[in-house]
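Report on the structure given below.
The values are calculated or read from the model by the stated rules, or taken from the named source; none is laboratory data. Not measured: the values here are computed from a predicted model. Backbone-built Cβ (ideal geometry, glycine too); neighbour counts: all protein chains shown. The area values use the complete protein model at the heavy-atom level, side chains included, leaving out ligands, DNA and RNA. Shrake-Rupley method; radii C 1.70, N 1.55, O 1.52, S 1.80 Å.
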Amino acid sequence: MDRWGPLLEGIKPVSFAAFAIALGCLGLAILLRQMFVALGVSAMFPTYYPAVLLASLLAGTPAGIGVITGALLTAWWAYVPPYYEFNRLDSAQVANFLLFAVSSGCVVLLSHLYRDAFLRLRRRDRERELLLHELEHRGRNTYAVVEAIVRNTLVNDRASADAIAGRVRAVSSANDLVNQSDTKTVPLKDLLSLEFALNDKTQLHTAGPDTDVSPDAARKLGLVFHELVTNAMKHGALSNRDGRVAVTWRAEGALVHLLWQEQDGPQVLPPQRQGFGSVIVTQSLKSLGGDIAFNFDSSGLRCDMRFNCG
């Protein structure tokens, strides 16, 4: 019905379009009834019920009532002998006409309730989308203000300012992916690609099943991948054009096992102390019910991590 939404909203119950729809539905019902008569089916009103339903849904209650009225007059004039005259009806015919009028009235009533509910839901969806867009806009402004405050506060410490601003942008970008999703979940591969957007994407190789992560997990994983990419650009495989990062994962229900393997980069050595980036990675995964193991292999950094994507 979403495809019919703009059409239903554009047709006012009291309008020429509504009148045309009612007339068209009535004419189609008359034509179908004549076809059934030619086939030997002489029932009086069956073809008019769909016409009432369609007119009521598309054009509103007045159109439905108009089709009912037209059907009763047509049946009285053309289907009751002597034909093509308005003569007195006997009791059985009156009962038949009343039964059609009452049952069709119920169809119009239910169609009105459905149409009204559908249009109200459409209006609420538009209002919700406007509110979400406004919240997204304010969210971006908030992140921009935070970044500006950081850079102006640390004007004499450019390296720290860039590091903090990068983390802010990572969370902001992940949040944008969440807001752009109809399901409010984000594919894991999209989160990885997001962090490689400013790099040569051919340096990223991914393999794993389609896995969606929740909004909270998306923001935290966006920060985790940002820290890993930043470290790889400074000290690892992404510091040269020949290096690449292979990321593979598998899911066991909501638990995801992910392997980050850097290749063809410079030789890496274990750090003498744990940096703040490593703390962010460890704590972010811990908050998702997971953990990470760093392996500083001579061929490149290897990270085995687990996290809950739900």
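Tabulated values for the structure
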{"read-out": "Neighbours by Cβ (under 7 Å, 6+ apart or cross-chain): first from segment 174-187, over 14 Å from LEU221 (Cα atoms); second surrounded by 15 or more Cβ atoms within 10 Å (Cβ to Cβ)", "value": "ASN179/GLU136; LYS184/VAL178; LYS184/PRO215"}
{"read-out": "Residues of segment 172-186 that turn out to be farther than 15 Å from ILE149 by Cβ and either charged (D, E, K, R) or assigned to a helix (DSSP H, G or I) (or both), as a count", "value": "10"}
{"read-out": "Identity of the residue in segment 44-63, closer than 18 Å to LEU32 by Cα and assigned to a helix (DSSP H, G or I), that ends up farthest from the chain's Cα centre (by Cα)", "value": "TYR48"}
{"read-out": "Selected residue [charged (D, E, K, R) and either open to solvent by less than 40 Å² (accessible area, probe 1.4 Å) or modelled with pLDDT of 95 or more (or both)] from ARG3, ARG33", "value": "ARG33"}
{"read-out": "Hey, VAL150 closer than 30 Å to LYS184 by Cβ, part of a helix (DSSP H, G or I), over 23 Å from the mean Cα position of the chain (by Cα) and not small (Gly, Ala, Ser) or not", "value": "yes"}
{"read-out": "Any chance LEU255 is under 21 Å from SER299 (Cα atoms) and not hydroxyl-bearing (Ser, Thr, Tyr)", "value": "no"}
{"read-out": "Residue satisfying condition, being without any contact (Cβ under 8 Å) to a residue 40 or more places away in the chain and crowded, with 16+ Cβ neighbours inside 10 Å, within set LEU113, LEU154, LEU131", "value": "LEU154"}
